[in-house]
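**Student:** Pasting a structure here, questions to come.
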Amino acid sequence: MAGYDFAAIERKWQQRWDDDGTFAQPNPGDDSFADKPKCYVLDMFPYPSGAGLHVGHPEGYTATDIVARFMRMRGVNVLHPMGYDAFGLPAEQYAVEHGVHPRETTQSNIDTIERQIRLFGFSYDWSRRIATTDPDYFKWTQWIFLQLFNSWYDPAAGAARPIEDLIRGLSAGEYVVGVGGDVVYNTADGLAPYLGDMLGTSKWHELTGEQQRAVIDNQRLAYQAEVPVNWCPKLGTVLANEEVTNEGRSERGNWPVYRRNLRQWMLRITCYADRLLNGLDGLDWPESIKIMQRNWIGRSEGANVIFELPDCDEQLEVYTTRPDTLFGATYMVLAPEHPLVEEITTDARRSEVKAYVDAAAGKSELERTAETKEKTGVFTGSYAVNPVNDERIPIWVADYVMMGYGTGAIMAVPAHDTRDFEFAQTFDLPIVQVVAPPEGEDWRGYTGDGVAVNSGEFDGLPTAEFKRKIIDWLEANDRGRRAVNYKLRDWLFSRQRYWGEPFPLVHCPDCGTVPLPEDALPLTLPEMDDFSPQTSDDPDAPPQPPLGKATDWVNTTCPACGGAAVRELNTMPQWAGSCWYYLRFCDPRNDERFCDPTAERYWMSPGGIDLYVGGAEHAVLHLLYARFWHKVLYDLGHVSTPEPFAKLYNQGMIRSFAYRDARGMPVSYEDVEQRDDGVCHRQTGETLTESVEKMSKSLKNVVNPDDVIAEYGADTFRLYEMFMGPLEASKPWNTQDVPGVHRFCHRVWRLIVGNEETPPLLGDRGDEELERALHKLIRKVGEDIQAMKFNTAIAAMMEFVNAAFKAGAIGRDQAERFVLVLAPFAPHLGEELWERLGHGESLAYEPWPDYDEAMIAAETVELAVQVNGKVRGRVAVDADADEEAVIAAALADDKVATAVEGKTIVKKIVVPGRLVNLVVT
RNA sequence: GCCGGAGUGGCGGAAUCGGCAGACGCGCGGGAUUCAAAAUCCCGUGAUGGCAACAUCGUGUGGGUUCGAGUCCCACCUCCGGCACCA
């Protein structure tokens, strides 16, 4: 009888599962498909970085694997796939720096990370593996992009519709075109604003072909626009905000990043703001993530108010959430980029205003917001008229107003807005109270609700009511209307890089932007020797995407007219591929469609993926972008559910102890020694400080999963990560603790198999007491798995094993049931023990053992007896004893008797199964 | 500044609906086994006082509610995460 040889066991079972296709899950319609309930358990797929797997990855993967294995044993079809999010900047930047093609680095990174993932024995259906860089995959990423390109958002339907519907409606005169190129609705009794403001309209047939195209292009969910972007000339690309550090530099390479207007592809996510917001309510997600998404969407209600500009015969529109403070508006502020700045500035003020605007333009967004202490601004020389009281108020330009939100202009109410208050104090502008705060609070700078004062006929109204009344008044007098605003911006969807999905479009001088036909997909990247972007030190140099150098690829023919055309040079951002991979997993080899509808309906019903686990760092962007794409596909009839992720769970970050010497220099673990009086340096004896930090090379506190597996095995690793603490909590890795769970594996082995020194405790008949413990364990582990409380499930298994050793024997059938309960957590050990208990088949589809409530209910219970809330003794009583008997038993206890002696019992509290409390005086 | 989350032994953590605080594991102390060590096994392990039985204190701090508070309420402190001039 050999000991627990985890290395051999793990190799053997991983091979067996692979050879037998144990975890290959057929789809509906496949020969071997069994019609059963389903469960879709998904991990956020990894980006295969050069550094390989870190200990954070397997934490979530182990949790989902336990759930997946448990569900299979509960007789459920489980979809549990894995893949790679493999396009993106890190691989490309590495490739550029080392002169290797990103395809090669990506492939070798995938090989490395997959080898590591496979070491853990996760029950993935590897036949469904995908990488976002596979042409078979990104063909459909491009196809979905074309769905976006060929759709518009119909506000009447509250949904995306094919662009042909819009063209048909325009041709039929159902819609007409406003002066701004907007689409307006042609109603029977006149023209009503449909999209945007209606000022004048044209009929569709009155427009030239080019004008028609511009109108259509302007309605597409994927459109091009000139927008301010983070431009990094050294990387030769625009960057997403999250790729820019707080210092205004690129996360990759630490190069300067500039704010600059560039023509870019945008996705119209803002149309979905309300649906993305409201959809959150029905999701089983952590509340904190929902709140983050709500804040990101940032819906607010208020009014757009029009201020007349008598000096130049223009109007200035502002958005405010506090129309009830209109009477306190004592000045106005325009963002430096506001289009009216130039027009309203008086000659006397022109040079000063221009200097300010130019200075603001030169600053990055981050520089502008960083200087948050001091408010700056200049007076334009012009005045506006407050619509509620006809007062002339000065118009300023200041960079605390952003062009990107609302109308880029505000009415300033210094008495009741912190920013306006600071600004007014700096520039000595009048401050007029219009809200009376509750007793005892200063009205200056008071931003809460209150009662109106100095507001004419509205005096005395509480804030909420005032808001309603003043908006009614504004609408009645044509000076404004009710409005809703969002912080959410449209999604900047293009990058000037090589390693991303090419846009499946061409630019034709005659036909405009023309999508490729579906049969031309995938549009693959051109082979290039030099795929590095044209970089520059000059922030104003024009972008030169690397694809521009592949002239053979760039110059093509127009699919519409057959004339010469050029391809789009931008590529898609890294988020694109991860927006829909969960759908491809349902049917990953389909070359007819992105996913077969039957497979999609089976796996995604009723509300989307049953369990989605990943890090909280994707709380907003990935989860919001994917929900957006999903809703578009839903509107167009391609998927069956309005939301993709029914249940979301975030694993906490695994950090680790870091040690520093007196100078603050990190000390690696080999040089750290634990002593009674603290931690010190092994060589120098110097006292070290200990802290818990994110793992990083520079802190010398990185733990490599490969090393841990080599020393203790995958089952131990899995158990340790689950045993550390609650899944969602952030917790420190402590290598010292690993032997504890490893010892548990050895104990289980010794219990059932034995080793050279000790025979197993396996017997024919098990102890009655142990049988009760086993029933309790089966219930506890099943409940804990479903509640994702793996740490307490493992603790319960340890207790059971301890009890078995105490009992001195375990029945064969008890051992079998215990092994089934253990298997989702330590599957290799589970399988090996199952085999040694005489089973020829894998336990993966063995039914989860039953338990009997009657076996769990104890015959006698021990109650604590408290006197005045303090525990004075313990008594054992029958589980079904009544209150009187319980109290009698309690008073019979010596220590209790002593405690109540000579006192009056004024109250007796009996909590069944728990305790007795006697209140005495 | 605003919005979340969390503070429990030497350490990671447990504690159902307000009901025996510290499960389980690590570490530590003692013992068994061993020529010895590793491994393994057994016992002990919140603090203070006491030979002991036992007593008192104890879940970030200060108040409160309750027969009873780690758990509920109020105020505050610290740490972690997110957002950040969003009008």
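Every number here is computed from the coordinates shown, using simple stated rules; none is lab data. Bear in mind the structure is a predicted one, so any value in this text is a computation, not a measurement. Ideal geometry is used to build each Cβ from the backbone, glycine not excepted, and the neighbour counts take in all protein chains shown.
**Student:** Order by neighbour count: A:His638, A:His681, A:His98, fewest other Cβ atoms within 10 Å first, most last.
**Tutor:** A:His98, A:His681, A:His638
**Student:** Show which aspartates and glutamates lie in cross-link reach of A:Lys776 when reach means a straight Cα distance below 16 angstrom and same-chain residues fewer than eight apart are skipped.
**Tutor:** Correct list for A:Lys776: A:Asp767, A:Glu768, A:Asp784, A:Glu799, A:Asp813, A:Glu816, A:Asp850, A:Asp852, A:Glu853, A:Glu859.
**Student:** So, one more: For region A:802-848, build the charge dipole from Cβ charges (+1 Lys, Arg; -1 Asp, Glu) around the Cα centre, then report which of A:Leu820, A:Ala809, A:Gly840 sits farthest towards its positive end.
**Tutor:** Checked the options; the winner is A:Ala809.
**Student:** Let me ask you something else. Run the numbers on region A:476-616 and let me know its relative contact order in percent, using alpha-carbon pairs under 8 Å that are six or more apart.
**Tutor:** Contact order relative to length: 25 percent.
**Student:** Shifting gears a bit: Please report the antiparallel percentage of DSSP beta bridges with both residues in region A:261-419, rounded to the nearest 5.
**Tutor:** Approximately 85 percent, going by the DSSP bridge assignments.
**Student:** Among A:Val453, A:Val875, which comes first, second and so on when ranked by fewest other beta-carbon atoms within 10 Å?
**Tutor:** Arranged by neighbour count, lowest to highest, A:Val453, A:Val875 become A:Val453, A:Val875.
**Student:** So which trypsin sites (Lys or Arg not before Pro) in region A:47-114 pass both tests, a DSSP loop state and at most 16 other Cβ atoms within 10 Å of the Cβ?
**Tutor:** Within region A:47-114, the qualifying trypsin sites (Lys or Arg not before Pro) (loop, at most 16 other Cβ atoms within 10 Å) are A:Arg74.
**Student:** Could you list which residues have their amide H under 5 Å from that of A:Leu648, counting only those 5 or more apart in sequence or on another chain, with H placed in the peptide plane?
**Tutor:** Long-range HN contacts for A:Leu648: A:Asp284, A:Trp285, A:Tyr612.
**Student:** Can you list residues from other chains, or at least 5 along the same chain, whose modelled amide H is less than 5 Å from the amide H of A:Ala565?
**Tutor:** Under 5 Å from the amide H of A:Ala565: A:Thr556, A:Thr557, A:Cys558.
**Student:** Right, next: May I ask you to sort A:Arg263, A:Arg589, A:Arg161 by Cβ crowding, counting other Cβ atoms within 10 Å and putting the fewest first?
**Tutor:** A:Arg589, A:Arg263, A:Arg161
**Student:** Indicate the helices, whole DSSP H runs only, in chain A that combine a mean Kyte-Doolittle hydropathy of 0.5 or more with a Cα extent along their long axis of 24 angstrom or more.
**Tutor:** Membrane-span-like by this rule: A:790-807.
**Student:** Let me ask something else. What pairs in A:Lys38/A:Lys647; A:Lys12/A:Lys38; A:Lys36/A:Lys789; A:Lys694/A:Lys731; A:Lys290/A:Lys647; A:Lys38/A:Lys780 have C-alpha atoms more than 19 Å from each other?
**Tutor:** Checking Cα-Cα distances, A:Lys12/A:Lys38; A:Lys36/A:Lys789; A:Lys38/A:Lys780 exceed 19 Å.
**Student:** Then there's this: Which of the GluC sites (Glu not before Pro) found in region A:705-764 are in a DSSP loop and have at most 13 neighbouring Cβ atoms, other than their own, within 10 Å?
**Tutor:** Here the GluC sites (Glu not before Pro) that fit, given the DSSP loop and packing criteria, are A:Glu756, A:Glu757.
**Student:** Another question, then. Across bins of 10 angstrom width beginning at 0, how are the C-alpha pair distances of region A:654-693 distributed, in whole percent?
**Tutor:** Histogramming region A:654-693 at 10 Å steps yields 32, 60, 8 percent.
**Student:** Something else: Compute, for chain A, the length of the dipole vector about the Cα centre, with Cβ point charges of +1 (Lys, Arg) and -1 (Asp, Glu) only. Units Debye, rounded to 20.
**Tutor:** Around 740 debye, computed over chain A.
**Student:** Summing -39500 (n - 2.57) over the DSSP H runs of n ≥ 4 in chain A and dividing by its residue number, what mean residue ellipticity at 222 nm do you reach, to the nearest 500 deg cm²/dmol?
**Tutor:** That comes out to -10000 deg cm²/dmol.
**Student:** Right, something else. Let me confirm the definition first: pairs of Lys residues in region A:300-485, 8 or more apart or on different chains, C-alpha distance under 19 Å. How many are there?
**Tutor:** Final tally of qualifying lysine pairs is 4.
**Student:** A follow-up question, please. Report the relative contact order of chain A, percent, no decimals, based on alpha-carbon pairs under 8 angstrom and at least 6 residues apart.
**Tutor:** Averaging sequence separation for qualifying contacts and normalising by length gives 13 percent for chain A.
**Student:** Normalised by the residues of region A:361-505, what does the relative contact order come to in percent, with Cα pairs under 8 Å and at least six apart?
**Tutor:** For region A:361-505, the relative contact order is 12 percent.
**Student:** Name the residues whose placed amide hydrogens come within less than 5 Å of the amide hydrogen of A:Val865, ignoring near sequence neighbours (fewer than 5 apart) on the same chain.
**Tutor:** So A:Val865 has HN proximity to A:Arg872, A:Gly873, A:Arg874, A:Val875, A:Val916.
**Student:** May I ask you to evaluate 6.51 cos²θ - 1.76 cosθ + 1.60, the Karplus curve with θ = phi - 60°, for each residue of region A:327-332 and list the ³J(HN,Hα) values in order in whole Hz, giving x for glycine and proline?
**Tutor:** 5, x, 6, 10, 7, 10
**Student:** Under 19 Å between alpha carbons, and skipping anything fewer than 8 positions from A:Lys908 in its own chain: which lysines qualify?
**Tutor:** Straight-distance partners of A:Lys908: A:Lys870, A:Lys895.
**Student:** Right, next: Do any GluC sites (Glu not before Pro) in region A:420-512 lie in a loop, going by DSSP, with at most 16 other beta-carbon atoms within 10 Å of their beta carbon, and if so which?
**Tutor:** A:Glu439, A:Glu441
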